[in-house]
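The values are calculated or read from the model by the stated rules, or taken from the named source; none is laboratory data. This one's a predicted model, so the numbers in the text were calculated from it and none came from an experiment. In this analysis, Cβ positions are derived from the backbone assuming ideal geometry, glycine residues included, and neighbour counts consider all displayed protein chains. These accessible areas exclude ligands, DNA and RNA; they are computed on the full protein's heavy atoms, side chains included. Shrake-Rupley method; radii C 1.70, N 1.55, O 1.52, S 1.80 Å.
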Amino acid sequence: MIFNKFYTLEPEKQSRIINASLKEFAKNGYERASTNEIIKEADISKGSLFNYFNSKKELYFFLIDYVAEIIENMYDEIDLNETDFFERIRDVGIIKFNIMKKVPQAFDFINAIGKEESEEVKSEIKNKSKIIIENGMSRIYKNIDFSKFRDDIDINKTINIINWTMLSFSEQQRNSLNSFEDVSMELLGEWDDYFDIMKRCFYK
């Protein structure tokens, strides 16, 4: 979709609308989110939101594309010269942490869409999320030196185990936070403990 009218707004006003929308959808989910609350929070005139977006659904998927771009930019910061698997994952964690602190509302929104149950948007979320995750994994693992792994293990199954561990750890931490604004560096230290265990299990 092309949002020409929205992009003609001054950047500060764009940010107000985006942040207010992310906050409202993250707090209340798709169906219960109020465009009136978004208008109030963004401090724009009543009804003007739909000068830029034809519907609440269009705004919602605009936000999904917006946070997907944030994630893409995050992957652009990956140092592909670092070929050690666990060092690469740790670097991604630091990059993600720094971006979370800058735009916590975007990650609150990401967390919310992962739990969204509205039939109006659920299937489209699933399709978009699958593409984002697959693309992310391929970029994270690009140029990794898999020769460091033990010869007597199945690499694909091992990577699955590591991915499941990462996803479970992330979910556990997400559920313990009111907002990603509260995320702390202690999480990275705890994640390092899991790295050390997995290195001893899977590396030569």
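Results, tabulated for the structure shown:
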| quantity | calculated |
| --- | --- |
| Conditions (1) crowded, with 17+ Cβ neighbours inside 10 Å; (2) of a type in the set (Lys, Arg); (3) touching a residue at least 60 places away in the same chain (Cβ under 8 Å): number failed by residue 57 | (1) |
| Condition check for residue 171: assigned to a helix (DSSP H, G or I), open to solvent by 80 Å² or more (accessible area, probe 1.4 Å) and either closer than 23 Å to residue 18 by Cα or modelled with pLDDT under 90 (or both) | yes |
| Out of 42, 20, 33, sole residue that is small (Gly, Ala, Ser) and touching a Phe, Trp or Tyr at 6+ places or on another chain (Cβ under 6 Å) | 33 |
| Count of region 17-67 residues which are of a type outside the set (D, E, K, R), closer than 17 Å to residue 106 by Cα and part of a helix (DSSP H, G or I) | 21 |
| Candidates 19, 51, 4 - the one that is open to solvent by 30 Å² or more (accessible area, probe 1.4 Å), without any contact (Cβ under 8 Å) to a residue 12 or more places away in the chain and of a type outside the set (Val, Ile, Thr) | 4 |
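Let's see how each residue does on (1) more than 21 Å from residue 169 (Cα to Cα); (2) part of a helix (DSSP H, G or I); (3) under 11 Å from the mean Cα position of the chain (by Cα):
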residue	(1), (2), (3)
69	yes, yes, yes
95	no, yes, no
106	no, yes, yes
111	no, yes, yes
123	yes, yes, no
